[in-house]
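Here is the structure we will look at.
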Amino acid sequence: MPKSMTLRLPDEQAAQIEMIARIEGVPVAVVIREAIEAAIEARQKDEAFHARLREHLAEYRSQLDQLTDGIGRRDETEPVTVRFKAKDIDAVVEATKIVPRPPADPQP
C-alpha cells in the first residue's frame with residue numbers, strides 16, 4: 001500500500017526537480033521516486049552501508065533479546081520503553097534486499 005510523505009526541499013532543489021519533470025514530461029512525484037530508487041540501489045551495492053546495516057541489526061537483535069528475556073518476569077506495572085519494533089528491522093532488510101550474515105562463532 002503506498003505511503004504518503006511530506007518532503008521539504010530547498011527552493012533551488014525543488015526548482016531543479018520541477019524542471020526535470022517538465023523536460024521529461026512526467027509528474028514531479030515520478031522524478032522523486034526515481035531518485036529514491038537510485039539511492040536505494042546505490043546502497044544495495046555499497047559494502048560500507050552493508051557493514052553499517054549489519055552493526056545496527058546486531059544491536060537491535062541484542063536489545064530485542066533483552067526485552068524478550070524479561071517477558072513474564074518483570075513487574076507488569078513497570079514502564080517499558082521500546083525504541084524500535086522487530087517489524088521495522090524486517091522492513092529495512094526487505095527494503096534493501098540484504099540478507100544479514102549470521103554472527104561468527106566466538107573463537108575458543
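Within this structure, M19 fails the test of being loosely packed, with under 11 Cβ neighbours inside 10 Å and either touching a helix residue (DSSP H, G or I) at 6+ places or on another chain (Cβ under 8 Å) or not acidic (D, E) (or both).
Could you please let me know if R8 is outside any helix (DSSP H, G or I), at pLDDT 60 or above and not polar (S, T, N, Q)? Against the criterion (outside any helix (DSSP H, G or I), at pLDDT 60 or above and not polar (S, T, N, Q)), R8 qualifies.
The values are calculated or read from the model by the stated rules, or taken from the named source; none is laboratory data. Since the structure is predicted, the reported quantities are computational estimates derived from the model, not experimental observations. Counting neighbours? That spans all protein chains shown, and the Cβs are built from the backbone with ideal geometry, glycine included.
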